[in-house]
Amino acid sequence: MRLLNLFKIAFKAIVLNKTRTLLTMLGIIIGVASVIAMLAIGEGSKESIRTTISSMGSNMITIRPGADNSGPARGSGGNVQTLILEDYNEIKKQASLLSYITPVVNGGGQVINGANNWPSTIYGVNPEYLNIKAVGLQSGSMFTDAEVKSAAKVALIGGTVVENVFPDGQEPVGQMIRFNNIPFKVIGVLEEKGENTFGQDQDDVVIAPYTTVQKRILAIDYLNQIMASAISEDEASEAVTQVTDVLRSQHKLIESEDDDFTVRSMEELISTFSSTSEMLTVLLVAVASISLLIGGIGIMNIMYVSVKERTKEIGLRMAVGAKGTDILMQFLIEAILISVTGGLLGVILGLGATVFIENFLNWPTSVALYSIVISFAVCAVTGIFFGWYPARKASALDPITALRYE
Amino acid sequence: MTKEIIKIQDLKREFTMGTETVHALKGISFDIKEGEFVTIMGSSGSGKSTMLNILGCLDQPTSGAYEIDGVSVKDLNRNELATIRNEKIGFIFQSYNLLARTSAIENVELPLLYNSKVSTEERRERAIKALKMVGLGERLHHTPSQLSGGQQQRVAIARSLVNNPVMILADEATGNLDTRTSYEIMSLFQELNKKGITITFVTHEPDIATFSSRTVVLKDGEIMQDYLNHNVQSAANELAKLPKQDE
């Protein structure tokens with residue numbers, strides 16, 4: 001009853017000072033809106049990284065020769081020859097948590113079809129490669145294990161290659177192309193995947209049996225990498241451990257020696273990139289929070305003015321029976337009403353801004369419910385925090401002095 | 001017989017100003033009975049403001065006893081004093097002290113907002129009744145800026161009546177008004193007094209005192225005179241005697 005009355009009093013004071021209240025709210029509105037929009041941008045980019053990486057094969061595990069290339073002066077792994085077919089066979093035999101596995105050799109070269117040519121990369125793999133990369137066929141079919149065994153000169157090509165070496169819209173399947181002067185029969189076209197997050201064109205590839213690429217194009221007997229996929233996303237890290245164990249014993253590494261290879265799951269890759277965007281999000285939110293803080297200080301400022309301006313009114317209220325707590329609550333409720341209303345408008349503006357960013361700037365966004373809850377809660381707390389001191393000051397006034405105040 | 005609303009016994013109030021002690025009230029004793037219309041007179045510095053503050057439970061005496069409606073005020077804390085003010089006293093100020101941009105009825109409701117025993121409907125009802133009593137039944141929704149000084153003071157009087165106080169405490173209530181309007185206000189006070197409402201009127205104007213039934217004169221913190229006025233003037237008559245205003 002009494003609290004309801006105090007709400008009415010506070011509400012009335014706000015309504016009587018519409019413009020001032022609105023201007024005070026503006027700080028909070030902008031603060032909350034920017035926190036929500038910034039978090040939406042952060043979450044959005046994180047999510048888009050996750051989905052693109054997942055589209056590259058969510059359970060994918062890559063094994064490269066050479067230690068983790070995080071330190072300075074390490075090679076890219078491309079010319080390290082420690083990963084061999086024997087390793088692949090052992091992993092395939094022993095690692096039970098892998099559903100697919102393929103050796104990978106790759107090299108650059110020129111794809112030629114008559115007068116058309118195009119620089120591309122050839123990947124030598126086995127038929128399981130398609131399952132690992134989660135890529136389908138647009139036409140034709142994958143080569144078989146038998147073709148791998150016999151090092152058949154057959155190839156599948158990606159959309160970009162098709163566009164460039166078959167510019168007249170000819171059906172590529174069944175045609176002959178040459179890669180570095182070695183003739184290949186095109187037996188299939190890969191489904192288009194577009195660019196990945198890192199701007200790499202995933203359709204600019206030629207795929208052939210690894211035996212063929214090893215012997216006829218690169219003339220090597222080692223592997224550039226081994227790709228595999230874990231039976232499920234949850235098992236990925238366990239699978240990484242399995243692979244590591246197999247390879248360490250294969251490479252006869254003793255306890256004190258570091259791995260001479262690198263095993264990475266997509267999950268790790270995701271977290272690496274997520275942490276970058278997370279840092280960015282934290283930065284953005286920090287900036288937005290500062291504006292929220294300034295909004296709070298704005299409330300404190302206006303509450304101070306309000307208390308000063310209404311000293312006589314406070315004196316009168318006390319004279320007719322308002323207790324200190326009544327005055328305290330009145331001003332506190334006023335501050336909270338301002339901040340919470342501002343917060344509400346801020347949420348709406350923030351959501352609006354997010355929609356705008358998504359549709360007009362084409363940035364990926366994702367509004368997290370927690371960002372709304374948090375910024376709203378922060379608002380209420382801001383109101384209490386910054387409203388408390390002026391309210392406390394008002395309630396401590398001596399009614400006699402307050403009544404005489406001019 | 002008649003109940004004593006106010007009992008004051010050897011009341012002292014001292015203020016410490018730096019190292020000096022100012023004796024604002026130097027041992028005052030008097031009672032106010034129910035239904036009395038008392039003016040407290042005195043020039044500035046006589047201690048009448050201090051007396052008013054203590055009577056209104058805005059301040060507490062340094063020593064001595066003060067009882068209002070049977071409650072000893074001496075040992076009450078800030079909150080208890082607020083409750084006493086809310087339930088037992090009706091304040092009227094020289095400068096009306098109405099809330100700006102707030103309708104008459106809402107101004108009158110104000111004391112009841114701080115009394116949780118009064119419901120919203122009862123509050124509104126009592127406010128309307130009080131405004132009718134002071135002759136402003138037609139101006140319930142006017143804001144102070146739409147009312148004349150006399151009307152504003154009437155709103156303030158209605159506000160002081162709304163909580164059914166045991167005593168109305170007026171501080172120079174006619175100080176801001178012209179003679180005609182102050183006579184109107186005084187005649188309203190006399191009417192209210194006739195209905196049995198106890199009024200204590202603090203003023204420095206001797207002619208105001210002639211409308212009251214009793215006068216207490218303060219000087220230098222002591223009571224100089226305390227006399228019953230056997231020849232109470234009727235403010236309504238005095239008003240009639242004033243020259244007619246030019247139309």
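The values are calculated or read from the model by the stated rules, or taken from the named source; none is laboratory data. From a predicted model like this one, the values you see are computed outputs, not experimental measurements. No Cβ is skipped: glycine too gets one built from the backbone with ideal geometry, and neighbour counts run over all protein chains shown. Just so you know, the surface numbers come from the protein's heavy atoms only, side chains and all, with ligands and any DNA or RNA stripped out. Shrake-Rupley method; radii C 1.70, N 1.55, O 1.52, S 1.80 Å.
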Extreme residue, positive dipole direction of the protein assembly as shown, given options B:I68, A:V320, B:P111 (C-beta unit charges): B:I68
Per residue, in Å², the accessible surface of chain B once ligands and nucleic acids are set aside, probe 1.4 Å: 46 Å²
Förster-model FRET efficiency, 56 Å R0, A:L26 and A:N89, C-beta, rounded to 0.05: 0.25
Buried solvent-accessible surface, both chains (A, B), 1.4 Å probe, Å² to nearest 100: 2500 Å²
Net charge dipole size for the protein assembly as shown [Lys, Arg +1 and Asp, Glu -1 on Cβ; Debye, nearest 20]: 2460 debye
Computed E for A:E278/A:D201 - FRET, C-beta separation, R0 25 angstrom, nearest 0.05: 0.35
Diffusion constant of the range A:83-259 at 4 °C, which comes from Stokes-Einstein with the Kirkwood Cα-pair radius and 1.567 mPa s, µm²/s: 76 µm²/s
Accessible area per residue, Å², the range A:299-406 with all protein chains present, probe 1.4 Å: 46 Å²
Accessible area of the range A:315-406 belonging to carbon and sulfur atoms, whole % at 1.4 Å probe: 75 percent
Top of B:T16, B:T143, B:T120 by mean-square fluctuation, Gaussian network on chain B, Cα under 10 Å: B:T16
Point-to-point label distance, B:T21-A:D258, nm (Cα→Cβ direction, 7 Å offset): 8.6 nm
Spin-label zone in the range B:203-247 - amide nitrogen under 11 Å from a point set 7 Å from the Cα of B:R180 along the C-beta vector: B:242-247
Antiparallel bridges, percent of DSSP beta bridges restricted to the protein assembly as shown (to nearest 5): 70 percent
Length-normalised contact order for chain A - Cα pairs under 8 Å, 6+ apart - percent: 30 percent
Extreme residue, positive dipole direction of the range A:83-259, given options A:L223, A:I177, A:V148 (C-beta unit charges): A:I177
A:K12-B:V232 pseudo-label distance in nm [points 7 Å out on the Cα-to-Cβ vector]: 3.4 nm
Relative contact order (%) - chain B, alpha-carbon pairs under 8 angstrom, separation at least six: 26 percent
Accessible area of B:R124 in the full protein assembly, 1.4 Å probe (Å², nearest 10): 90 Å²
Whole-number percent relative contact order across the range B:107-247, with pairs defined as alpha carbons under 8 Å at least 6 apart: 19 percent
Farthest toward positive dipole pole in chain A [+1 Lys/Arg, -1 Asp/Glu at C-beta], among A:Y304, A:S237, A:I207: A:Y304
For the range B:60-186: rounded, prolate or oblate by the Cα gyration tensor [a/c cutoff 1.5]: oblate
The range B:1-98: C-alpha gyration tensor shape, a/c 1.5 cut-off, then a/b vs b/c: rounded
Peptides B:47-57, B:28-38 ordered by average Cβ neighbours within 10 Å, highest first: B:47-57, B:28-38
Shielding score for A:320-330, defined as the mean number of other chain Cβ atoms within 10 Å: 6
Net charge contributed by nearby residues that have their C-beta within less than 13 Å of A:K153 (K/R +1, D/E -1): +3
Per-residue SASA entry for B:D75, accessible area with 1.4 Å probe, Å² rounded to 10: 130 Å²
Kyte-Doolittle at least 0.0, axis length at least 30 Å by Cα - qualifying DSSP helices, chain A: A:18-55, A:266-309, A:324-356, A:369-395
Sites A:I294 and A:L4, calculated FRET efficiency, Cβ-Cβ separation with R0 41 Å, nearest 0.05: 0.80
Accessible surface, per residue, of the range A:190-261 when the full set of protein chains is kept, probe 1.4 Å, Å²: 50 Å²
Cα gyration tensor shape for chain B, rounded if a/c is under 1.5, else prolate or oblate: oblate
Most fluctuating residue given options A:S141, A:S256, A:S395, as computed from a GNM of chain A linking Cα atoms under 10 Å: A:S256
10 Å Cβ neighbours from other chains, averaged over peptide A:5-17: 2
Modelled label reach - B:E14, point 7 Å along Cα→Cβ, the range B:42-82 residues with backbone N closer than 14 Å: B:61-64
Counting DSSP beta bridges with both ends in the range A:83-259, the antiparallel % (nearest 5): 75 percent
The range A:83-259, accessible surface, carbon-and-sulfur percent (1.4 angstrom probe): 45 percent
Chain A: most fluctuating residue of A:E235, A:E268, A:E257 per GNM, C-alpha cutoff 10 Å: A:E257
